[in-house]
Amino acid sequence: MRRHTFRTTLTLCAAAGLAAAVVPASAAAPQAPPAPEVVAVDCAARGQDRPGDYIIACGDGNNRLTRLRWTSWGPDGAVGTGVNVVNDCRPYCAAGTLRSYPVTVRLDRAEVWKAQPDLRRFTELTLSYPEASPDQAARVTYRLPG
């Protein structure tokens, strides 16, 4: 009888140890990324956190940012690089050519977003062109939707 009790005890301890080793692995939920403190509101009134693409000309899409890579993003501003794709509208926009310009992007002036008061949104976008630019200006600033 003693043998049976020892074997049963050993089996129960092994099972409990195995269960203890397995439960934390299966119970551990993946960590969600932290909620953004500040967003860039897009043309569809959605808050974007570090967007890869961003349309500047909401009406016709003839001015947009692509291949965005952000080096910083926070409540005091965001800085990144990318490509500004602009329709030259020559001879008119429907027949124009999309031209690409390397650009440095800066987002500033974060304010409370009325649509989602728990978030702040950037209200200003500044593009700096290290080379050529669409309108020969080295720097352009836009007011963002939201």
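The table for this structure:
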{"item": "Test result for T71, out of contact with any Cys (no Cβ under 7 Å at 6 or more places or on another chain), surrounded by 12 or more Cβ atoms within 10 Å (Cβ to Cβ), of a type outside the set (D, E) and in a strand (DSSP E or B)", "result": "no"}
{"item": "Unique match (being of a type in the set (A, V, I, L, M), under 16 Å from the mean Cα position of the chain (by Cα) and closer than 19 Å to A57 by Cβ) among L98, L127, L107", "result": "L107"}
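Coordinate-derived values only; no laboratory data. Because the structure is predicted, anything quoted here is derived from the model rather than measured. Don't worry about glycine lacking a Cβ; one is built from the backbone with ideal geometry, like all the others, and counts go over all protein chains shown.
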